[in-house]
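To start, the structure under review is shown below, and the notes come after it.
Laboratory data are not the source of any read-out in this text; all were calculated from the coordinates shown. Everything numeric here is computed off the predicted structure, so don't read it as measured data. Positions of Cβ are backbone-derived with ideal geometry, glycine not excepted, and every protein chain shown enters the neighbour counts.
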Amino acid sequence: MKARTTLYDLLGLAPTASEADIQAAHLRLTRHYQSGNHGLQPVDVDNKLKAIREAVWILADPGRRAAYDAGLARSQPAVAEAVVEPLLAKDPLPLQVEIKAAKRSPLRIMLGVIGTLMIIGMLIQIFFSVFAFRRVTSGDAATEAQQKVIAAERRQMYGDLSEQEIAEQEATERRQRAESARRYEEQRAEYARKEEERQRERALQERGYYADRVSSELQQAEESARRKAEYEQRQKEEKEHNAEAEEQRRVQERLARERARLQLNN
């Protein structure tokens, strides 16, 4: 036999349960049926989880929950009730939820939806109108306060001068600022011109230094080559001199041997 109960009974909660209690019950029941410690078939587990998600979807939203509670209050429980059919007698948790709503004509439902949307639109329009009015009012007040501050500062700066005198003085100050800006631009341009000339002179000096260094390196290379050639020439002449001296020595030795041989024959 089917047991008649509410969505609160399905989640094991009281009608006064908070949103945190609903989410905690959702998490607890989901973990229970996903843990595998219930002895149910997979199809039955899917049905239970669907029923739990449907109940949480209704009760976790303030608008849907208010409508559901109002239905429970009007008819106990003819307007909105949950029919739960357990799969096993040993399982204390419900299996399937069927939401039965009171029969209403399509025209009444459509008119109710249109009326609700119109009320929401009017509330939004009123909110933005009030917000815009406050912004404009606060902006005008801020502008007026800023103008008062500026006027007080001008009065403190210029004292008892008339508006014409203040205008003339401000025009003079603007001309002075413009003249100062012009002089600054001229000084900046003159500095840039002198800096460019210094850069050119520095570049010319660097090119001169480079040319002098290259010329000095060439001279050093030429001097080194000349010294090397002189050294090689001296070495060559010394070798030739030594060879000639050696040749003369050998000739003298041959002559001495010939004289000694002739003397022995005589």
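Table for the structure above
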{"quantity": "Number of positions in the stretch 11-31 that are farther than 18 Å from Ala66 by Cβ and surrounded by 15 or more Cβ atoms within 10 Å (Cβ to Cβ)", "calculated": "4"}
{"quantity": "Condition check for Glu179: within 55 Å of the chain's Cα centre (by Cα), part of a helix (DSSP H, G or I) and among the charged types (D, E, K, R)", "calculated": "yes"}
{"quantity": "Pick from the stretch 32-62, criterion of a type in the set (Gly, Ala, Ser) and touching a residue at least 12 places away in the same chain (Cβ under 8 Å), ranking: surrounded by the fewest Cβ atoms within 10 Å (Cβ to Cβ)", "calculated": "Gly39"}
{"quantity": "Matching residues in the stretch 56-71 - criterion: being under 13 Å from Glu19 (Cα atoms) and over 42 Å from the mean Cα position of the chain (by Cα)", "calculated": "Ala66"}
